[in-house]
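The structure appears below as structure tokens.
The values are calculated or read from the model by the stated rules, or taken from the named source; none is laboratory data. Here the structure is a predicted model, which is why all the values come from computation and not from measurement. Here the Cβ positions follow ideal geometry from the backbone for every residue, glycine too, while neighbour counts run over all protein chains shown. For the accessible areas, the whole protein counts, side chains as well, though only heavy atoms, and no ligand, DNA or RNA atoms are used. Shrake-Rupley method; radii C 1.70, N 1.55, O 1.52, S 1.80 Å.
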Amino acid sequence: MLKYLLFIFFPIIAFSNELNFDYKRLTIDYSGIASNDKAALFYGNADFITKFVFADNEWENIYLNTGIDRISSIRNDDEGFFGVFNKQNVFRLDSDGCLVEIQEITGDSLLVLKDIQKFENNYYILSDKKIIVLNSDLHFENEITFNGNIGVTEFIIFNNQLIVGTENARLILYNLPSLNDNNILNLYELGLCDPDVKISSFKKSSGLFYFIDGTKIYSTEDFSDFIAHETKNLFYEVCDGNIFTMAIGGNRLNRLLFYGYTEQGPYSISTGILDRYTGMLYTVCFNFIDKSQLFVVGNDNFISRSTDGGIHWEVQSYYTLGNFSFSLNDKFAFQIEKNALFFKTTNGGITWLTQLANSYSFDNFNGDYAYHFSEDGRGVIFRSHTQGSSPQALITTDSGNTYKAVRIDSIRSYGFIGSSAPLIRNNSEYELFYPAMFGTTYKYTLHFTLDLDLNCKRKELLDSIQIFQILKRKQGWIALSQNYKSSSGENNVYQLLWAEKLGIDWEVLATMNVKDTILQGMTIIDDNAYLNGIVWDEPEDINIYKICYIVNLNSYEYKLIRSDNRGYYNSFIKLNDNIVTGIKEGFLYNDDINNNPYKWEVDSIPDCSITWLSTLFQNQCFAITAGALKKFTFYEDTPVEEPGAEVIKMYNYPPYPQPANNHVSTEIYWDSRYDMQNAAITVHDYTGKTISKPGEISVNKMNVYHGEIIWDCSSVSSGVYFINIRLGGTTRTVPVVVGR
């Protein structure tokens, strides 16, 4: 059996002896597509690939786990896919889009890798300074350094030549496979373009080579004659010798404009409406699978698919970044984002798929939301309203697979005050607490009781109190509210309320009346309520500081903590014995909150400013960090680490057999200063849940740096699992397929 070395290094950072974790990025800005007749791969500024499998009509993410944040290019041939990161690493996948190997090809971190091509058995990698040649095993074979600072753009293999484009109107033609001879075509001297034009967007089809010079699309058969093509858009693809361009116009509801160009002239293929809701949308990339089937990706990261040559389009997948909020159970979670976009995951957050309603309801369904999803598949989403209009709602009875718009004429719109209304499912009824106002001074809460079909059963008024959040607490309910009849005369007096039953009868537990405070959220953990918000120290002070109230729900006493960092206290979770919140450096945590609420410790994560976090799916935490949604998986056991030891390197051969039946093993190498017998080895399913049991994992040491890890997988069902090996501050994760 041919074995490939997998140089995959998982990012893992330990807070302390109590907390350690690894994480994966879940959002991506797509920049390219590669495809064959089995799968389409979408890639961009992340170390994972989104894959669509045609036979199963399913989406999944392929995690490469290099810690590198951008894939420059993916190509394919009859054997499968191959690609290159912008830094140091090249990888291969089989024809099904499954990972085969990753290899580090250079130790020069300053070298920018741009593109990859394959000719016969060699791989050619284009960087900003040189062309690197690898053999079939991805080992170094040769390299050619460019003369001077020519500014290379991309390359392509055409008619047994390697064609390199530059930023100064040149094409460099290298003969393959030797690269010994080259011919430089100066397109400016040929009268085609200006001398400082970037030559890019290389395509080939039906014996022709295509490129753009910034103003025109050119084609040539043998580089002796060039034909200029007139199009409406320089964003183009080619198929069977025809040029296709695409544009998206309109506002909110966007119309797809799809044109083809032949020798007989242009023709319109499609002007179909896409279910995309953004004012500034343009296409990023599109790709033909064959004449009939193609994909398009927009700058909003929607992926749409046509199976009839571009006449009709269907939104297939979506990744977004924004103000995330979740409603969940153990099987699935819903994400609701401010721009009327609703998403659902059924695989532990690995992929989020768009939940679509009809165009009318989406087009009018923007702003703040109140929502609730139940285990029985029933879900309701209310939108905020302008004064004088009737509210809109979306309702689902099949776990978000379909929605319908509902207008509730029995409830008038009284206007939300900058926040969503609490909506609670209470057996066979919904309880809606509606912060409302009359004019600019009289503010109150309306309590509506609705049946499951959203018919209003009764309405009650809570005078001069606005309730913004309600959470379950033992045998009652805790509410965060603002009191507008306070004796202090201030309009920012916040209170914690308690009620045994939902309605208008609430008891005051605690009053927080620090001047110029805005509280933004409440979390209840154990016996404490954590209220996060912002405060101005003085009315004229332009500096806004994050604050946290910690209210003991037994004594009703509270402590106020002002941060010395504007990124503190955005949301709270509990991990082991630590209360954790996100900051601009990473995580802030406290392991003795009741006795010392001011003693917070910081654990920095590179490029990981956390602005929001929430726990989902057992020990996994979802967080918005540094422009991306990331999933952190925390482990209760601690990596074995020697004092002062540097992070070590481990690598392993792929597990064998694959798929496994009763036993699977992986051959592993490690730093001989460490003992693999002391490693923390666990097995997790795709949600991050630990499923290994004592005695199922064994280590067969062959020498001080080499051995075999064996897992008895006979007790688990078919599926994908991950063996996590943690030693000396380093984690290695081995994907395993079990099949019977």
Inset, instruction - Being surrounded by fewer than 16 Cβ atoms within 10 Å (Cβ to Cβ), modelled with pLDDT of 90 or more and among the small types (G, A, S) is the filter here, so list the residues in region 209-227 that pass it. - result: S224
Inset, instruction - Would you be able to tell me the number of residues in region 593-605 that are open to solvent by 30 Å² or more (accessible area, probe 1.4 Å) and modelled with pLDDT under 80? - result: 2
Inset, instruction - Please work out which residue is modelled with the lowest pLDDT, limiting yourself to region 562-592 and to residues that are within 15 Å of T517 (Cα to Cα) and surrounded by fewer than 16 Cβ atoms within 10 Å (Cβ to Cβ). - result: R566
Inset, instruction - For D137, state whether it is without any contact (Cβ under 8 Å) to a residue 40 or more places away in the chain and among the acidic types (D, E). - result: yes
Legend entry - Among residues of region 453-479, those that are open to solvent by 40 Å² or more (accessible area, probe 1.4 Å), under 36 Å from the mean Cα position of the chain (by Cα) and either acidic (D, E) or more than 20 Å from G521 (Cα to Cα) (or both), counted: 1
Inset, instruction - Among the residues of region 632-681, write down those that are open to solvent by 20 Å² or more (accessible area, probe 1.4 Å), of a type in the set (V, I, T) and modelled with pLDDT of 70 or more. - result: I681
Inset, instruction - Report yes if D330 is open to solvent by 30 Å² or more (accessible area, probe 1.4 Å) and at pLDDT below 70, otherwise no. - result: yes
Inset, instruction - Identify, from the list I518, I504, the residue that is open to solvent by 20 Å² or more (accessible area, probe 1.4 Å) and outside any strand (DSSP E or B). - result: I504
Inset, instruction - Go through region 187-213 and give me each residue that's outside any strand (DSSP E or B) and closer than 13 Å to I156 by Cβ. - result: I199
Inset, instruction - Select from region 105-127 the residues that are among the charged types (D, E, K, R) and surrounded by 16 or more Cβ atoms within 10 Å (Cβ to Cβ) and list them in ascending order. - result: K114, D115, K118
Inset, instruction - Test A34 against the criterion of being assigned to a strand (DSSP E or B) and either under 25 Å from F119 (Cβ atoms) or at pLDDT 85 or above (or both), and give yes or no. - result: yes
